[in-house]
Amino acid sequence: MGIDIDAIVDELTLDEKIRCIHGAVDPAGKATGYLPGVDHVDIPPLALVDGPLGIRANGERATAFPASVALAASWRPPLARRFGRALARETAAYGQDVILAPGVNIVRTPQGGRNFEYYSEDPHLTKRTAVATIDGIESEDVAATVKHYVANNQETNRYEVSAEVSERALREIYLPAFRAAVEEADVTSVMTAYNRVNGIPMSDHEYLVSDVLKDEWGFDGFVVSDWWGTRSTVEAARAGLDVEMPGIRVEEFVPGEVDVEDLPEAMPPLPDVPALFGDPLREAVESGELDEAVIDNKVKRVLRSMASIGCFDEQPEGELDTPAHRELARDIATEGAVLLQNNGTLPLGDVDSLAVIGPNADTAKLGGGGSSEVSPFVQTSPVEGLAVRDVNVTFERGVPPVTESRLFSNAADEDVPETSIDDAADAAAEADCAVVVVQDDAAEFEDREDLTLLGQQDDLVEAVAEVADRTIVVLRTSGPVTMPWLDLVDAVLETWYAGQADGEALADLLFGDAEPGGRLPITFGCAADDYPTSDDAAFPGVDDEARYDEGIFVGYRYFDEHGIIPKFPFGHGLSYTSFAYGQPSVTRSEDGLAVAVPVENTGDRHGKAVVQVYAQKTAAPLSTPERELVGFEVTSLDEGEQTSLTVSVNRSDFKYYDEGSGWKVATGKNSLFVGRSSRDIVAKVNVSIAEGR
Ligand code: GLC
């Protein structure tokens, strides 16, 4: 039905316009953010809800999907699209219109508290995963909110820290996923970050919000602040912020879900008034300080966005916790699991007994702490997932349970059980194989202290490895961890935060019903010092400034530039079979190059290959990374099967950002590398990029 937005806005009073652009209490008590609508012109309410791992609607249950990093680790955009659609259906099932997802911030520091909620250190993998997820969400008439715009790469001091970052690094590393969300996925909403960029709060950042996002990229949806992340009234309104959330006091925020006393100290500096876009905005217009046309534009963006997702028509019913969603949660968990090391122990053959060891192995690793928390209908722990198999399972914690930081779904405070590393070692010695499940604890509001496993988990792994016939370590982490025991164990499987299907997926993976389909989206270095964020000035910053002096050299780009050998490189992941790559051939296509790579499954079982193509822009007159991911393709092949995978590389993939003159193409001789990872390169091809369009 054609909605005449201009006519509607003409009928609104100033107060009614302001009601449309700052949050209010949701009478149903489910929404994370709520715009109440205006009855006399039939503007319905707009309900926004968290989050990237599943729906958190004031304690209601929903499917707890694996963490975003696991989805990125699958290197499967079609799977991300399926996830986006399922997330949107569960959003609609709770009568919500907007999902506050995906989070697409670049993983800059390995101990980042929200790395599990994000995708990767690499902008190409991030944007491919983000675009597919957003496509999926918006295809179900639900709005996606891509977040947190921009350079929100740490939790420490997140409301005050200023990311001191060059324009080139912004353009080549931190902005691409947001740009693709707008230009390729037509995302409906963008959430501004809490942090400042080059000294300016993101909610007040006219250059990044209006000049770049709206004018340069043509974003026509609405820009919403993070919760209590609006820093001003007139500056923010002029800068291009369209909607302030939550627009209410903390005490009113989703009553009953959050006990103000329980909130972490690191809450935002709350405004003196419930809403900076409430009375102060009306007063600014009435005093003439702000032109009412500025408000009209914001209201029109909100109403156009609402019309684009059918808010003025019949709402989608959605669906919740369906068998398909449960299967999808399990698929993402297996497709995103990364087999880091394997001496042939996996997949398990005939075993009669397994010792499952680990402080939290009897609980599923649903996710991290903070706004992304989800309470599932069902969940399986590693112990439960393995115990239903035809094998005798014993369980020993070995060490006390690892804290699970939570903001909304407080885990019951249970007494700390008696634990003994010796008992765990004894159980391991008795069994055919030991499966040691270890984990970290990541959460919003705080970054991890360092990359070591918490408590005595490293001691536990070493004690088990000393006596067990075979030792498999399962990492349930948000990112890289140090592994002092690596040479003592037979296999290491990274399953990230695998969500509700944790135990089922682990059993599928260990027994070979599924193979670990993941490839690392984040470089696993040997220590935190290997990364560009190892000094305080870079992270967490000094005097509220974090210096991004590494520029574009983030993640593997940094390791390559500085000749640092990672423990496991970006793109790494073993299969249960093996693949041979033939010599690639490059042909020119309509808008770039087609890199055809022969691939053969040379092993004895079905498996997945992830062919990665990296560029080195040697023709660029600036310092450029040795390798930058510019394309990838995935295939699954049966034993002995061969195929040729074609990876498309666009001319725009050879662009670099010159801070004086903007985007340029590295015309001339460049190189392409075909690899199994950023370091396992199987072929190099020289390519010339001509002048011209
Ligand atoms: C949080 C997060 C954001 C979330 C919002 C609403 O502080 O930064 O990702 O969507 O507030 O909970």
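If R0 is 41 Å, the Cβ-Cβ spacing of His40 and Glu160 corresponds to a FRET efficiency of close to 0.45. With label points built 7 Å along Cα→Cβ from the Cα atoms of Glu327 and Met267, find their separation and express it in nm. Each label point is offset 7 Å from its Cα along the Cβ direction, giving 4.5 nm.
Given R0 = 25 Å, the distance between the Cβ atoms of Arg168 and Asp450 translates into a calculated FRET efficiency of 0.25.
Remark: segment 3-8, residue by residue, has Karplus-estimated 3J(HN,Hα) of 9, 8, 4, 4, 5, 4 Hz, where x stands for each Gly or Pro and the curve is 6.51 cos²θ - 1.76 cosθ + 1.60 at θ = phi - 60°. What is the angle, in °, between the Cα long axis of helix 323-336 and the longest principal axis of the Cα atoms in the chain? Nearest 10 is fine, range 0 to 90. Around 60 degrees separate the two axes. Taking amide H positions as modeled 1.01 Å from N, with prolines and chain starts lacking one, the residues under 5 Å from Thr646 and 5 or more places away or on another chain are Val597. log₁₀ I(q)/I(0) of the chain at q = 0.06, 0.11 Å⁻¹, via Debye over equal Cα point scatterers, no solvent, to two decimals? With no solvent term, the Cα-only Debye profile gives -0.33, -1.13.
Taking Cα atoms only, the orientation of helix 457-467 departs from the longest principal axis of the chain by about 20 degrees.
Estimated from helical segments only, the mean residue ellipticity of the chain at 222 nm is -6000 deg cm²/dmol, where each DSSP H run of four or more residues counts as -39500 (n - 2.57). Remark: spin-label model distance Ser585-Glu11 equals 6.5 nm, labels positioned 7 Å along the Cα→Cβ axis. If you take the square roots of the eigenvalues of the alpha-carbon gyration tensor of segment 467-517 and sort them as a ≥ b ≥ c, do you get rounded (a/c under 1.5), prolate (a/b over b/c) or oblate? Judged from the Cα gyration tensor, segment 467-517 comes out oblate (a/c at least 1.5, b/c at or above a/b). For segment 323-522, rounded, prolate or oblate, judged on the Cα gyration tensor with a ≥ b ≥ c (square roots of eigenvalues), a/c < 1.5 rounded, else prolate if a/b > b/c? Rounded, since a/c falls under 1.5.
Rounded if a/c is under 1.5, else prolate if a/b is larger than b/c, else oblate: which is segment 495-587, with a ≥ b ≥ c the root eigenvalues of its Cα gyration tensor?
In terms of gyration-tensor shape, oblate.
Residue order for Phe65, Phe395, fewest other beta carbons within 10 angstrom first, comes to Phe395, Phe65. You can think of it this way: the chain between Val542 and Glu292 has 86.0 nm of extra reach, that is 0.36 nm per residue less the Cα-Cα gap. Counting Lys +1, Arg +1, Asp -1, Glu -1, what net charge surrounds Thr419 among other residues with beta carbon under 11 Å of its beta carbon? Within the 11 Å Cβ shell, the charges total -3. For Cys433, the residues whose modelled amide H falls within less than 5 Å of its own, excluding neighbours fewer than 5 places apart on the same chain, are Ser353, Ala355.
Quick one: length gained pulling Ser578 to Ser644 fully straight, 0.36 nm per residue minus the C-alpha distance? Can you show the working numbers first?
Values: separation 66, 0.36 × 66 = 23.76 nm, distance 1.58 nm.
Taking Ser578 through Ser644 to full extension adds about 22.2 nm, to one decimal.
For segment 344-368 versus segment 131-154, the inter-centroid distance based on Cα atoms is 33 Å. For segment 82-108, backbone nitrogen atoms closer than 16 Å to the point 7 Å from Ser308 Cα along Cα-to-C-beta are found at 97-102. For segment 1-76 versus segment 163-216, the inter-centroid distance based on Cα atoms is 22 Å. Here the Debye sum runs over all C-alpha atoms of segment 566-616 as equal scatterers in vacuum, and log10 of I(q)/I(0) at q = 0.14 Å⁻¹ comes out as -0.50. Cα centroids of segment 596-668 and segment 286-339: 32 Å apart. 3J(HN,Hα) couplings calculated from phi for segment 687-692 with the Karplus curve 6.51 cos²θ - 1.76 cosθ + 1.60 (θ = phi - 60°) are, in sequence order, 10, 9, 10, 7, 4, x Hz; Gly and Pro show x. Given Cα pairs under 8 Å that are at least 6 residues apart, what percent is the relative contact order of the chain? So the answer I get is 15 percent. Once the C-beta distance of Glu183 and Leu486 is scaled by a Förster radius of 51 Å, the resulting FRET efficiency is 0.75 to the nearest 0.05. 3J(HN,Hα) along segment 182-193, derived from phi through the Karplus expression 6.51 cos²θ - 1.76 cosθ + 1.60 where θ = phi - 60°, amounts to 7, 7, 9, 10, 6, 4, 7, 9, 10, 9, 6, 7 Hz, with x in place of Gly and Pro. Distance between the modelled labels on His606 and Ser232, one decimal in nanometres: 5.9 nm (7 Å Cα→Cβ projection). Here the gap between Thr403 and Arg61, fully extended at 0.36 nm per residue and compared with their Cα-Cα distance, gives a gain of 120.9 nm. For helix 123-138, what angle does its Cα long axis make with the longest principal axis of the chain, in degrees from 0 to 90 and rounded to 10? The two axes meet at around 60 degrees.
A short reminder: the numbers here are calculations on the coordinates, not readings from a lab. Bear in mind the structure is a predicted one, so any value in this text is a computation, not a measurement. Every residue, glycine as well, gets a Cβ built from its backbone with ideal geometry; the counts of neighbours run over all protein chains shown.
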